[in-house]
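Everything below concerns the one structure shown next.
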């Protein structure tokens with residue numbers, strides 16, 4: 001069965017500092033990988049996705065993620081964090097069947113000024 | 001504006017009182033899904049639908065029902081809610097069932113069952 005692990009429940013970074021959120025997945029075949037962001041009181045917004053091709057994926061809001069098959073990882077990065085990036089971030093893998101996404105538990109990002 | 005809408009956004013109810021959470025999308029998407037979000041567990045799929053009149057169970061279907069009579073609507077029904085169904089619920093839709101398709105999420109419905 002598919003699974004996703006986000007090892008960090010909370011991360012605090014200073015505004016302007018770089019960010020890396022970790023995601024490890026378990027899946028037998030080539031996975032489809034996603035990062036979503038959830039701002040307080042909001043739904044989930046897709047940041048980026050990977051399903052083939054270049055392993056470095058660019059997304060919205062200046063985020064990028066790198067697929068590393070050998071490490072079963074899909075870490076999210078941003079070179080300079082803004083206060084508005086404070087949110088909860090979810091890594092997800094699909095599909096097990098249909099379009100079902102399997103989500104990690106999420107990482108809450110706090111940005112300090 | 002392309003969107004997924006859910007109603008109500010907030011709901012407090014009592015054990016055993018039937019309720020329905022509506023979900024509607026205006027993007028002509030085939031695939032729709034319900035998830036629940038609980039702290040430390042991420043989102044887990046409750047039910048999904050690949051098209052009109054085609055629905056199937058996700059990971060946590062117990063205590064829930066769904067229907068898909070029209071392409072745009074996918075209501076979630078709790079026939080006899082219990083406190084363990086207190087959660088944040090999200091509806092999602094995508095153009096097709098392809099794994100690479102982006103799923104679009106509604107704003108969420110926060111449910112409290114007393």
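In vacuo Debye scattering of segment B:33-74, one point per C-alpha: log10 I(q)/I(0) at q = 0.18 Å⁻¹?
-0.50
Tell me, what are the semi-axes, in whole angstrom and largest first, of the equivalent ellipsoid of segment B:1-48 as set by the roots of 5 times the Cα gyration tensor eigenvalues?
22, 16, 11
Using Cα-Cα distances under 8 Å and only pairs 6 or more residues apart, what relative contact order does chain A have, in percent?
The normalised contact order for chain A reaches 37 percent.
Pairs of alpha-carbon atoms within less than 8 angstrom and 6+ residues apart define the contacts here; what relative contact order does chain B have, in percent? It would help to have the intermediate numbers written out before the result.
Working: 302 pairs, mean separation 40.9, N = 114.
Computed over chain B, the figure is 36 percent.
Just the C-alpha atoms of segment A:59-113: what Rg/Rh do they give, with Rh taken as the Kirkwood radius? Write down the numbers at each step before the final one.
Working: Rg = 13.3 Å, Rh = 13.0 Å.
Across segment A:59-113, the Cα-based Rg/Rh ratio is 1.02.
Relative contact order for segment A:56-113: what is it in percent, counting Cα pairs under 8 Å that are at least 6 residues apart?
After rounding, I find 24 percent.
Starting from the coordinates of the alpha-carbon atoms of chain B, obtain the Kirkwood hydrodynamic radius over all distinct pairs and give the value in Å to one decimal. Can you show the working numbers first?
Working: mean 1/r = 0.0716 Å⁻¹.
Evaluated on chain B, it is 14.0 Å.
List B:18, B:65, A:49 from most exposed to least, where exposure is judged by having the fewest other Cβ atoms within 10 Å. Can you show the working numbers first?
On the way: B:18 11, B:65 15, A:49 20.
Lowest to highest Cβ neighbour count: B:18, B:65, A:49.
How compact is the protein assembly as shown by the rule of thumb for globular proteins, expressed as Cα Rg over 2.2 N^0.38 Å?
Compared with the compact-globule rule of thumb, the protein assembly as shown sits at 1.01.
Inverting the mean 1/r over all pairs of different Cα atoms, compute the Kirkwood radius of chain A and quote it in Å. Can you show the working numbers first?
Details: mean 1/r = 0.0710 Å⁻¹.
Kirkwood radius, chain A: 14.1 Å.
What are the equivalent ellipsoid semi-axes of segment A:1-63, built from the alpha-carbon gyration tensor (square roots of five times its eigenvalues), in whole angstrom, biggest first?
That gives 22, 15, 13 Å for the three semi-axes.
Computed from the coordinates by the stated procedures, all read-outs in this text should not be read as laboratory data. Note that the structure is a prediction, hence the values are computed from the model and not measured. Note: ideal-geometry Cβ built from the backbone for every residue, glycine included; neighbour counts use all protein chains shown.
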